[in-house]
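Step one of this worksheet: look at the structure below.
The values are calculated or read from the model by the stated rules, or taken from the named source; none is laboratory data. Source: prediction; values computed, not measured. As a convention, Cβ positions derive from the backbone with ideal geometry for all residues, glycine included, and neighbour counts pool all protein chains shown. Ligands, DNA and RNA are excluded from the accessible area calculation, which covers all protein heavy atoms including side chains. Shrake-Rupley method; radii C 1.70, N 1.55, O 1.52, S 1.80 Å.
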Amino acid sequence: MNNETATPVTVIGLGLMGRALAGAFLRAGHPTTVWNRTTAKADPLVAEGARLAPTVGDALAAAPLAIVCLTDYGAVRELLGASAALPAGTTLINLTSGDSAQARETARWAEQRGARYLDGAIMAIPSAIGTAEAVLLHSGPQADFEAHESTLQALGTVAYLGADHGLASLYDVAGLAMMWSVLNAWLQGTALLKTAGVDAATYAPFARQIAAGVAEWLPGYAEQIDSGSFPAEVSALETDARAMAHLIEESEAVGVNAELPKLIKAMADRSIAAGHGGEQYPVLIEEFGKPRKD
Ligand code: FVH
């Protein structure tokens, strides 16, 4: 792609992530305008060919696509709120982390100011930006995503989730829940085995195999959740709960933390008490779908 044909892009926010985003656009040949509160952070990008806009308004007007990546949504509203109207022809893509309510509210706020708005979430670290490993999720009007999809592909693997602006944030936190839960489960097992002199490197391949195996179950379990029917084809929840009791007893016996095992069993016990002991594990979606009443 050469500069003449490449779509101009603006990047507002040149922190660790914003700098990576702007650099990826530059390397893909897009004329890139940047702005940052602390202007010195733009220096390396200007040296690579970026244009430093004197104001946020100038940055927004400089390109049909403006990416914002700041600390939080408060910063986005504070910064963009100063410019009364956002340029009508600009599509604003907010890659700042936040929750679905902030995403939906900011979409309403941006659209009231004449901007087309997509919300997004970056499932990658700065060094991965510009490679296929970087996954960037987007939600909002599909036509606006499609209009800029080829430009966004300079950042990595881009996905469109749907029209609800809150979807990118929800997928982001759902992905983080998955990541931290898998890591916590691995740490629980590693702690157990360390008491028997098994080091983490020895256990890791086994843990990786278990994680991959469980991942294979997800499509079938998703069908059970979507159908609302949880026939016990593998094992009944009551059987699982007995194994959970073993995990608690073992953790306490060898002197490692048993909080995670106890939470796992507490969720199952509540579902069993509600009459689901003979059903398959995904029946627990009902416990996850409601706040805990103490
Ligand atoms: N870094 C990462 O690996 C993660 C990956 C997943 C997504 N996150 C989210 O990306 C947002 C930015 O994260 P970051 O790592 O770039 O954060 P910082 O390096 O701290 O840069 C913050 C930028 O925000 C600017 N800023 C903050 N407050 C204001 C404000 N009130 N007005 C204008 N700009 C503001 C700050 O400017 P400066 O301090 O350089 O002047 C930086 O440009 C974030 O939501 C992550 O959760 C990154």
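Taking residue 79, is it in contact (Cβ under 8 Å) with a residue 24 or more places away in the chain, surrounded by fewer than 18 Cβ atoms within 10 Å (Cβ to Cβ) and within 15 Å of the ligand (Cβ to nearest atom)? Criteria met by residue 79. Checking each residue in the stretch 161-210 for being over 30 Å from residue 119 (Cα atoms) and assigned to a loop (DSSP other than H, G, I, E, B) picks out 195, 196, 197, 198, 199.
Scanning the stretch 111-151 for residues that are part of a loop (DSSP other than H, G, I, E, B) and touching a residue at least 12 places away in the same chain (Cβ under 8 Å) yields 113, 114, 115, 124, 129, 130, 131, 132, 133, 134, 140, 141.
Residues in the stretch 241-275 that are open to solvent by less than 40 Å² (accessible area, probe 1.4 Å), in contact (Cβ under 8 Å) with a residue 40 or more places away in the chain and not in a loop (DSSP other than H, G, I, E, B): 251, 261. Note on the stretch 2-41: residues that are near the ligand (Cβ under 9 Å from one of its atoms), among the polar types (S, T, N, Q) and open to solvent by 30 Å² or more (accessible area, probe 1.4 Å) amount to 2.
Looking across the stretch 219-240, the residues that are assigned to a helix (DSSP H, G or I), surrounded by 12 or more Cβ atoms within 10 Å (Cβ to Cβ) and within 31 Å of the chain's Cα centre (by Cα) come down to 220, 221, 222, 224, 225, 237, 240.
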